[in-house]
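Chemist: One structure, pasted below without further comment.
The values are calculated or read from the model by the stated rules, or taken from the named source; none is laboratory data. These numbers were taken from a predicted model, which means no experiment stands behind them. Cβ atoms come from the backbone with ideal geometry, glycine included; neighbour counts cover every protein chain shown. Please note that ligands, DNA and RNA were not included when accessible areas were found on the heavy atoms of the full protein model with its side chains. Shrake-Rupley method; radii C 1.70, N 1.55, O 1.52, S 1.80 Å.
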Amino acid sequence: MDLRLLRAFVTLAGCGHYHEAASVLCITQPALTKQIKLLENRLGLTLFVRGRHGAQLTAEGAELLPAATALVTQSREFMHHAARLSRQLPARLNVGFGISAFKEAAEFVSRLQRTLPDVQVSLDDFPSQVMTEKLLSGELDIAFMRLPLPENTVHCPEAVAFKQETLSLAVPAGTVVQPGQELSLITRNPLLTLHENRGAGLYHQITAFLDANHVTPQAVHYSSDIRTLIALVAAGAGVALLPGEAGDPGHPDVTFYPLTDFAQASWKMGMVWRRELPLLWRQQWREWLTVKDHPFGFSKPGSPV
């Protein structure tokens, strides 16, 4: 049933005059007459008769009025409740991030703490596949992670891309890499990389990069932590393919060479959040991420994905 028509019915019954009811509904009198006629046609009943004293309810109209009033009231209460939920503040927001987005995630949490001082915000480091699982289970509210999302999550979170990340070749400080020599270093040295179960997204990105560029490493050694990989590179144990942001905090014993000109070296990073979060917040975050000069200083604001 069209609630707009029920609202016209209830309002006209309360006012008793088409002109007055139309004024309350902020529509013209002919529009109100049309709505009442449409409702009567759908019901197969006459609800009002016009008389010297305005619009008079018929017996059928009087019998249906309490139920119509209840539906209109419930609809109004529903919208009020939804409006309250759209502004309701949870006690806690859980935010996850990967190493490629640690700076953006930290800046976002800092802004949240300023704008929502009564909300406790936690920030934790997880691999992308773990963040996906935690978003679906409700353990995470927001995640800064690799895109696109797995196919089985498209109906759960919302996502906005904010930058493109690129693989870098990490070598011991003092190693001079001339343009075009990056791939040969991988074939001449052990390649240090993450276990698949620790970082499936990065693992598959590196595999795709090696395949696309026809590179076979001399040997491959695995670790479960990027910091350990950087320490091993610094010690001369080999070279590593890592997200460019892994070198952002500064590692004086390791030099990072971006691989921007190679196939399968780049991917999108995005902010993802659960749809169950208040609509008002989700709309605001999307605006923060997509405006030209947004407050986080993200390098490449993107369009919704």
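Chemist: Taking loop as defined by DSSP and a crowding limit of 16 other beta carbons within 10 Å, which GluC sites (Glu not before Pro) in the range 165-229 fit?
Modeler: Details: sites: 165, 182, 196; in loops: 196.
In loop regions of the range 165-229 (DSSP not H, G, I, E or B), the sparsely surrounded GluC sites (Glu not before Pro) are 196.
Chemist: Could you list the GluC sites (Glu not before Pro) in the range 29-68 that lie in coil according to DSSP, counting only those with at most 13 other Cβ atoms within 10 Å of their Cβ? Could the numbers behind the result be given before it?
Modeler: Details: sites: 40, 60, 63; in loops: none.
When the GluC sites (Glu not before Pro) of the range 29-68 are filtered for loop state and at most 13 Cβ neighbours within 10 Å, nothing remains.
Chemist: Could you tell me the calculated FRET efficiency between residue 219 and residue 178, based on Cβ-Cβ distance and R0 = 22 angstrom, to the nearest 0.05? Working shown, then result.
Modeler: Working: r = 23 Å, r/R0 = 1.06.
Approximately 0.40, to the nearest 0.05.
Chemist: Using heavy-atom solvent-accessible surface (probe 1.4 Å) with all chains present, what is the largest-first order of 210, 167?
Modeler: On the way: 210 20, 167 0 Å².
Sorted by accessible area, descending: 210, 167.
Chemist: Also, quick follow-up: For the charge dipole of the range 3-86, defined by +1 on Lys and Arg C-beta atoms and -1 on Asp and Glu C-beta atoms about the Cα centroid, which residue among 31, 62, 41 has the Cα displaced farthest towards the positive pole?
Modeler: 31
Chemist: Report Rg (one decimal) and Dmax (nearest whole number) for the range 3-86, counting Cα atoms only, units Å.
Modeler: 13.4, 47
Chemist: Label the range 165-266 by shape, choosing from rounded, prolate and oblate, from the square roots a ≥ b ≥ c of the eigenvalues of the Cα gyration tensor; if a/c is under 1.5 it is rounded, and otherwise prolate applies when a/b is larger than b/c, oblate when it is not. Don't skip to the end; give the middle numbers.
Modeler: On the way: a/c = 1.26, a/b = 1.06, b/c = 1.19.
Note, shape of the range 165-266 comes out rounded.
Chemist: Roughly what would the spin-label model give for residue 91 and residue 263, points 7 Å off Cα along C-beta, in nm?
Modeler: About 5.4 nm separates the two model spin labels.
Chemist: Would you kindly state how much longer the chain becomes between residue 23 and residue 120 on full extension, computed as 0.36 nm times their sequence separation minus their alpha carbon distance, in nm to one decimal?
Modeler: Numbers: separation 97, 0.36 × 97 = 34.92 nm, distance 4.70 nm.
Here the segment from residue 23 to residue 120 would lengthen by 30.2 nm.
Chemist: Shifting gears a bit: Excluding residues on the same chain fewer than 8 positions from residue 163, give the aspartates and glutamates whose Cα lies under 16 Å from its Cα.
Modeler: 104, 107, 245, 248, 287, 293
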